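In what follows, a structure is listed as structure tokens, so that the remarks can point back to it.
The values are calculated or read from the model by the stated rules, or taken from the named source; none is laboratory data. Keep in mind the model is a prediction, meaning the values are calculated, not measured. Reconstructed Cβ throughout: ideal geometry from the backbone, glycine too, with neighbour counts over all protein chains shown.
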Amino acid sequence: MLSSDSPRRIYLAHLREVVFGEEIARDGIGKALDFISRDHEMRTDFYITVAKGSTAADILNVQTAIEKVPANKLFNALETSENIWAATKTVKLDELINSIVSKGKEPVLTGIYYYGDSEYGSNIENVHNVSPATGLRLDFLAVFKSDKLIGWLDMNDSKGFNYITDNVRNTVVTIETEDGKITLETLRSKTKVSGRMEKGKPVIDINITSEGNIADVGSNIDLKQPKNIEKLEEKYRNNIKEKIQTSIRKVQEDFQSDIFGFGEVIHRAEPKEWKKLEDNWDDIFTDLDVNVHVQAEIRRLGTITESFQKETKE
């Protein structure tokens, strides 16, 4: 069909982004992936995503600022968001197919949605405004079982997923204090997931080490007092731990789909026991015991210790 409209032959090696509409994703993307992976003209370094609540055409018709081609905007935004926000995930073809065929891990894809009027978004006038009326945003992780979309994780649950899968490079954590909020910027995070058998049942242990700096202070807390830093570090640890536990609980209760790859962890740790578990892993995963241990430290307070706002007169 494309050859009857386009004056040039389609060059598939230029492909940067594949977007599946939500309806198609819920029906199953296996046949489409078979064609994409089989075609010898296609490379495998493009990203695959899902249009949340719309079709792929609605997404790709939106004219975007900065990047003239919507696919390039999505490709670059995905990489940037994964690196500095940690609520999204870049997924390429090989990783997606491996997750679909694995008995110990299910796939996830990043969701894309448009805001504003999709019809106006296709007009070039949309990008002539300082604040475009219609645009594209990356948010939510699409949870799959095999090749079918079964639900979505919100921003915090998506961050919890990325902490578990050691995919957090940089992000921010907001902590509530008695008289305001403090924002920490996570600069380093490392996750180690191990599996074992205990009394005939599989158990997962998650150990996370994070380091962050204070990025914003909206509180009267005295940062020169070591005891206050210790309290912030405790809240920092609890914030990360809560995101992880909430994400695990939601996936176990609502989706029964092992997107974290815990089955693969058990397989590597206890290959003989895994043979007894793999056929019923979905049911076992629902009641799987997961222990979460977080070590989080604050390294720097910023270029100023006390906010100058304390010295301003009302």
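Below are the figures for this structure:
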quantity	calculated
Among the residues listed as Lys227, Lys231, the single one being more than 29 Å from Asp154 (Cα to Cα) and in the same structural domain as Leu184 (by TED's automatic domain parsing)	Lys227
Selection within segment 149-181 - of a type in the set (D, E, K, R) and over 15 Å from Val251 (Cα atoms)	Asp166, Arg169, Glu176, Glu178, Asp179, Lys181
Lone qualifier among Glu278, Glu242 - being under 17 Å from the mean Cα position of the chain (by Cα) and in the same structural domain as Asn207 (by TED's automatic domain parsing)	Glu242
Scan of segment 169-218 for residues that are basic (Lys, Arg) and either farther than 30 Å from Lys272 by Cα or outside the structural domain of Phe262 (by TED's automatic domain parsing) (or both), ordered by number	Arg169, Lys181, Arg188
Segment 27-48 residues that are closer than 16 Å to Lys145 by Cα and surrounded by fewer than 18 Cβ atoms within 10 Å (Cβ to Cβ), paired with ones that are at pLDDT 95 or above and of a type outside the set (Gly, Ala, Ser) (beta carbon under 6 Å, 6 or more apart)	Gly28/Asp147; Gly28/Lys148; Gly30/Asp147
Scope segment 44-71; condition farther than 16 Å from Tyr113 by Cβ and among the charged types (D, E, K, R); matching residues	Asp45, Glu67, Lys68
Pick from segment 121-170, criterion assigned to a loop (DSSP other than H, G, I, E, B) and hydrophobic (A, V, I, L, M, F, W, C), ranking: modelled with the highest pLDDT	Val168
Members of segment 1-14 that are closer than 19 Å to Ile59 by Cα and modelled with pLDDT of 80 or more	His14
Test for Thr64: is it buried (at least 20 other Cβ atoms within 10 Å of the Cβ), touching a residue at least 12 places away in the same chain (Cβ under 8 Å) and of a type in the set (Ser, Thr, Tyr)	yes
Residue in segment 200-208 that is surrounded by fewer than 15 Cβ atoms within 10 Å (Cβ to Cβ) and either over 23 Å from Ile164 (Cβ atoms) or free of Cβ contacts under 8 Å to residues at least 60 places away in the same chain (or both) present	yes
Any hit, segment 110-121, residues being in contact (Cβ under 8 Å) with a residue 60 or more places away in the chain, surrounded by fewer than 16 Cβ atoms within 10 Å (Cβ to Cβ) and of a type in the set (S, T, N, Q)	no
Boolean, Asp282 is at pLDDT below 95 and in contact with a strand residue (DSSP E or B) (Cβ under 9 Å, 6 or more places away or on another chain)	yes
Selection status of Arg188, part of a strand (DSSP E or B), charged (D, E, K, R) and out of contact with any Pro (no Cβ under 7 Å at 6 or more places or on another chain)	yes
Matching residues, segment 133-155, being under 17 Å from Ala71 (Cβ atoms) and either touching a Gly at 6+ places or on another chain (Cβ under 8 Å) or buried (at least 16 other Cβ atoms within 10 Å of the Cβ) (or both)	Thr134, Gly135, Leu136, Leu138
Answer residue from segment 77-120, given it is touching an Asp or Glu at 6+ places or on another chain (Cβ under 9 Å) and assigned to a strand (DSSP E or B) and is farthest from Glu22 (Cα to Cα) among those	Lys92
Where Lys190 falls short, out of the listed (1) touching a residue at least 60 places away in the same chain (Cβ under 8 Å); (2) within 24 Å of Ser102 (Cβ to Cβ)	(1)
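Results for (1) at pLDDT 95 or above; (2) under 30 Å from Glu125 (Cβ atoms); (3) small (Gly, Ala, Ser); (4) in contact with a Leu (Cβ under 9 Å, 6 or more places away or on another chain), shown as yes or no for each residue.
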| position | (1), (2), (3), (4) |
| --- | --- |
| Arg16 | no, yes, no, yes |
| Val19 | yes, yes, no, yes |
| Gly30 | yes, no, yes, no |
| Ala57 | no, yes, yes, no |
| Val69 | no, yes, no, no |
| Ile97 | yes, no, no, yes |
| Lys105 | yes, no, no, no |
